[in-house]
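Notes follow once the structure below has been shown.
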Amino acid sequence: MPFVKAAEKRLEYFEQGSGDLVVLIHGAGSSALIWDTVQTQMAAAGFRTLAISLPGAGGSDHPTDPAAYSPDSYAVDIKHSLDALNISQFSIVGHSLGVSNVLGLVDDYGSGFDVQAMVMVAGGGGGLRQAPSAKEIEEIRSSWPTPDPADADKRRATWEKLHMGLTYKIRNALWADIQANPFERAFGQRISARKDRTPFLNSTEIPTLVVSGDNDSVVPLALTLEMYPKLKSSVRHLHVMHGVDHYPNAETPNEISRVTINFLLGYAH
């Protein structure tokens, strides 16, 4: 896979197809590989896709500072990656924590880009989340769970049920990426604050599709639905997938690809 130098960080990315560009941003525990089937299907529909593995994910650099794994830091990494690749016009899809990262990118740095459309998948309402206190951070660190190697097969089987839309080869590679996640990544994401993006959502003119499964066990549907009324009626769109859990890009990539393609066909050019 190719790499891009995002300021001081080296990040891997995966590219497929040709046509209007769609940038794909993964969630808290995954890597860019989670988009593999979606990328293949979008390429067949005439789109070019670029999926970036953020710091700590896959073959990208693994910083040792937990602060490198906050949504604000990720937004800067995405910006530097797009700048280095000379990309200025695109649509963007965020999944789970990737939604916060996308909001940070477009809210804080959007004036430098022509963002055609946004798709927000299972990522909550874009509201404020304050960082825990120093005492709470120490308590989180000291009580951090250590996975039991004896449960590895059980954890893999539970995870795999929600990723069957990926090929066996990609599932194996993605699982290996997840097992290689540095502690600093998971810890930094947990203790980081998230800005209230409600003012941005209230004012944006970018067409935005909010997507969730009604069986989401990580970010409940009700939480993701909080984003929809924050958007102007002229730009907001909503799609709820029945019986789908938190990883539609891996569980039901056919559905999320179809919905995303149909949405983008109306706005990307």
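At a glance:
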{"item": "Option label - Rg/Rh (Cα atoms, Kirkwood Rh) computed here, alternatives [x] 1.06; [y] 1.00; [z] 0.94", "result": "[z]"}
{"item": "10 Å binning of all Cα-Cα separations within the range 1-131, expressed as whole percents from 0 upward", "result": "13, 49, 33, 4, 0"}
{"item": "Neighbourhood net charge (12 Å Cβ-Cβ; Lys/Arg +1, Asp/Glu -1) for Leu231", "result": "+2"}
{"item": "Fully extended contour minus Cα-Cα distance, from Gln130 to Ala176, at 0.36 nm per residue", "result": "13.4 nm"}
{"item": "Cubic angstrom per residue, convex hull over Cα atoms of the range 154-209", "result": "152 Å³"}
{"item": "Under-5 Å amide H pairs with Val218, H placed in peptide plane, nonlocal only", "result": "His246"}
{"item": "Mean-position separation - Cα centroids, the range 229-269 and the range 8-34, in angstrom", "result": "18 Å"}
{"item": "Total charge dipole magnitude, the chain, about the Cα centre, Cβ charges on Lys, Arg, Asp, Glu only, Debye to nearest 20", "result": "180 debye"}
{"item": "Formal net charge of residues neighbouring Val240 (Cβ-Cβ distance under 15 Å; K, R +1; D, E -1)", "result": "-4"}
{"item": "Karplus-derived 3J(HN,Hα), 6.51/-1.76/1.60, for each residue of the range 147-152, Hz, glycine and proline x", "result": "x, 7, x, 5, 9, 4"}
{"item": "Sulfur and carbon atoms: percent of accessible area, the chain [1.4 Å]", "result": "53 percent"}
{"item": "Whole-number accessible area per residue in Å² for the chain, which is evaluated in the context of all protein chains at 1.4 Å", "result": "43 Å²"}
{"item": "Greater than 32 Å apart at Cα, pairs in Lys5/Lys195; Lys161/Lys232; Lys79/Lys232; Lys5/Lys169; Lys135/Lys161", "result": "Lys161/Lys232; Lys135/Lys161"}
{"item": "Gaussian network model of the chain, Cα within-10 Å springs - most flexible of Leu166, Leu85, Leu54", "result": "Leu85"}
{"item": "Choice from Thr64, Thr146, Thr204 with maximal GNM fluctuation in the chain (Cα, 10 Å cutoff)", "result": "Thr146"}
{"item": "Computed label-point distance, nm, for sites Asn215 and Trp159 using a 7 Å Cα→Cβ extension", "result": "2.1 nm"}
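The values are calculated or read from the model by the stated rules, or taken from the named source; none is laboratory data. From a predicted model like this one, the values you see are computed outputs, not experimental measurements. All Cβ positions, even for glycine, are placed from backbone atoms using ideal geometry, and neighbour counts span all protein chains on display. When the accessible area is computed, the model is the full protein with side chains, heavy atoms only, and any ligands, DNA or RNA have been set aside. Shrake-Rupley method; radii C 1.70, N 1.55, O 1.52, S 1.80 Å.
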